[in-house]
1. Tell me the helices (runs of 4 or more DSSP H) entirely within the range B:1-51 that contain at least 1 residues that are closer than 14 Å to B:Leu147 by Cβ.
2. For residues that are among the polar types (S, T, N, Q), within 14 Å of another protein chain (Cβ to nearest Cβ) and assigned to a loop (DSSP other than H, G, I, E, B), tally how many sit in the range B:81-130.
3. The conditions are (1) buried (at least 17 other Cβ atoms within 10 Å of the Cβ); (2) more than 22 Å from the chain's Cα centre (by Cα), and A:Ala303 fails exactly one of them. Which is it?
4. Could we say that B:Leu197 is touching a Gly at 6+ places or on another chain (Cβ under 8 Å) and in contact (Cβ under 8 Å) with a residue 40 or more places away in the chain here?
5. Among the residues of the range B:131-142, which ones are more than 9 Å from every other protein chain (Cβ to nearest Cβ) and either surrounded by 24 or more Cβ atoms within 10 Å (Cβ to Cβ) or in a helix (DSSP H, G or I) (or both)?
6. Just wondering, is there one or more residues in the range B:169-177 that are over 19 Å from the mean Cα position of the chain (by Cα), crowded, with 22+ Cβ neighbours inside 10 Å, within 14 Å of chain A (Cβ to nearest Cβ) and under 28 Å from A:Ile64 (Cβ atoms)?
7. Is it the case, given these coordinates, that A:Phe85 is on the phi < 0 side of the Ramachandran plot, aromatic (Phe, Trp, Tyr), part of a helix (DSSP H, G or I) and more than 10 Å from chain B (Cβ to nearest Cβ)?
8. Among the residues of the range A:95-117, which ones are part of a loop (DSSP other than H, G, I, E, B), free of Cβ contacts under 8 Å to residues at least 60 places away in the same chain and of a type in the set (A, V, I, L, M)?
Amino acid sequence: MQYKSRGRKATKEGFAEGLVELGKKYEDVVALGADITSSVGMEDFAKNYRERFFSMGIAEQNCIGTAAGLALSGKVPVFSTYGVFAGIRTADQVRISLCYNDVHAIIGGAHAGVSVGPDGATHQALEDIAIMRVMPNMTLLSPADATQTKLATMAAYEQCAGPVYVRFGRAPFPDFTNSADAFEVGKAQTLKSGNDITLIATGHLVWEALLAAEQLAGENINARVINMHTIKPIDKEIIIKAARETKAIITAEEHQVHGGLGSAVAEVVVHNHPVPMIFVGMHDRFGESGQPEELMRKYGLTAEGIVSKVKNFYEKNS
Amino acid sequence: MNEAKLKKLRSISKEIRKDVLRSLTEAGSGHTGGSLGLADVFTVLYFHVLKHKPHKPDWPDRDRLILSIGHVAPVLYVALAHAGYFPKKELQTLRKLDSRLQGHPGRDHGLPGLELSAGSLGQGLSVAVGMALAGKLDHKDFFVYSLHGDGELQEGSIWEAAMSASHHKLDHLIAIVDRNEVQIDGKTSEVMELEPLADKWRAFGWKVFHCNGHDHKEIYNTIQQAKKKEGKPAVILAKTLMGKGVKSIENDHRWHGKPPAKEQLSDFLNQIEENNAI
């Protein structure tokens, strides 16, 4: 495999590094904290740029509106808290104050997926992709690892002009992408070529998809692997190409299969070149407490989970 | 404020009310009560208080006026047109397809002078807080005026914003509440009691002022008081009558969300003339 893990690192650390870098490079970047500042990777920014950091307390709706006001006055605000609060609790503020006004503001959606672990269902964001991606004007980034999360955070400032949601997680996962690889918003990356089937993954599942492709190679199945780091605008071209060139598309995400990456890909597939699809993700249920790896295993959000679904598909269609 | 100025402002309010009625009648839907009730406050703001340049709507040092209650968009549009932001004849396009005058304000349609797309209640004060924070950070001396309905104060997000405004000592933020004591379902006291309202704002760290929302001089003087920077945001509870100026509909909550019928218009315009003799 072309990619090697350099060790485990939480994607929130990538967000923290990206935010500090933005603060250093751009005077107009300001940040809003909703009490859990250190837990979502904003501590360093708050320390380094004290006058540009605003403590807003546990009041997420107000944070989004305040971000809109800052953005309408020439700032680029970054607001981060757990995704369940950042984008779901605040959906109406995101819809009207941010998206309808189409302001350049960045939401850091932390604690994505079941890999949040022991905190359990209340704190595991599994619906944020679905809700954020239906908002007009929104850009939605879901980077694969810590290194890419830093790049995505930078890109949210440098490549975007409207509201952006950057999704990242809490637990340490393999860090494997190269910081030298360009991160282009809306342009997915083919991490491995292959012409039998295509695995399209986002977030933590990208690494698992790479491992799955390796295992499938042992079964004489040559899988293509695509890192869909931008859910919106989605890279239609790469999806249509995969649909034309491979016999099935498997999506993998740490999110509800309803409304998430799988749905976003399916929308492109059915409009352009229908092929069978398999959805790896949460199937209309809440998460629960447990260790991150235990939960990922239980819900099939692993290389093994992906492989078994692919094999199933081959058995049914042979 | 001298007598000549006062007379001028009263005359503007009268014309604003008439244009509000005309545009709502032409639109065939929309919110008459609150739009008439706020005509005097809007007149004082746009024609005597705000530091603004209608020919240069994006002037960075301008005072900001945030309309949190998007449903009274007609009075905002009419005030903007009278102030010179766009031609008055465009007021007849209110709520029509492809109009820049959306039912609730939408900046995506490009209306000059519009600071915020709004209509979902309870969001404007947060935006005003953000603007005031930006002003403070940039050492600007503009004021942010944020206009609210009293019923709107039932939204919890208002109080999140209120808490943050005093925490950050935003003394260049002035909220104005249209205290007409009426909302769609009836009296605010019956739908959801707001009193003791002044105490609530004080408890959240705000300076509280009261004024008669139809007395131009009093509105102006109260705003001047509120502008004194003392490390706290200020709220003005402006006592108004929903539907003010058209006696036959004043204080009638049924007029919150409907326009005059075509055959009512001339009667309503006459009432405005009679009730606003200068």
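1. Values: elements: B:3-27, B:32-37, B:39-44.
Because the criterion is at least 1 residues that are closer than 14 Å to B:Leu147 by Cβ, the helices (runs of 4 or more DSSP H) in the range B:1-51 that meet it are B:32-37, B:39-44.
2. Going residue by residue through the range B:81-130, those that are among the polar types (S, T, N, Q) are B:92-93, B:99, B:102, B:117, B:120, B:123, B:126.
Then keep just the ones that are within 14 Å of another protein chain (Cβ to nearest Cβ); that gives B:102, B:117, B:120, B:123, B:126.
From what is left, the residues that are assigned to a loop (DSSP other than H, G, I, E, B) are B:102, B:117, B:120, B:123.
Within the range B:81-130, residues that are among the polar types (S, T, N, Q), within 14 Å of another protein chain (Cβ to nearest Cβ) and assigned to a loop (DSSP other than H, G, I, E, B) number 4.
3. (2)
4. Values: touching a Gly at 6+ places or on another chain (Cβ under 8 Å): no; in contact (Cβ under 8 Å) with a residue 40 or more places away in the chain: yes.
Taking the combined requirement at face value, the residue does not satisfy it.
5. B:Lys136
6. yes
7. Numbers: on the phi < 0 side of the Ramachandran plot: yes; aromatic (Phe, Trp, Tyr): yes; part of a helix (DSSP H, G or I): yes; more than 10 Å from chain B (Cβ to nearest Cβ): yes.
Yes; evaluated as a whole, the condition is true for this residue.
8. A:Ala105
Each value in this text was obtained by applying a stated rule to the coordinates, not by laboratory testing. From a predicted model like this one, the values you see are computed outputs, not experimental measurements. Backbone-built Cβ (ideal geometry, glycine too); neighbour counts: all protein chains shown.
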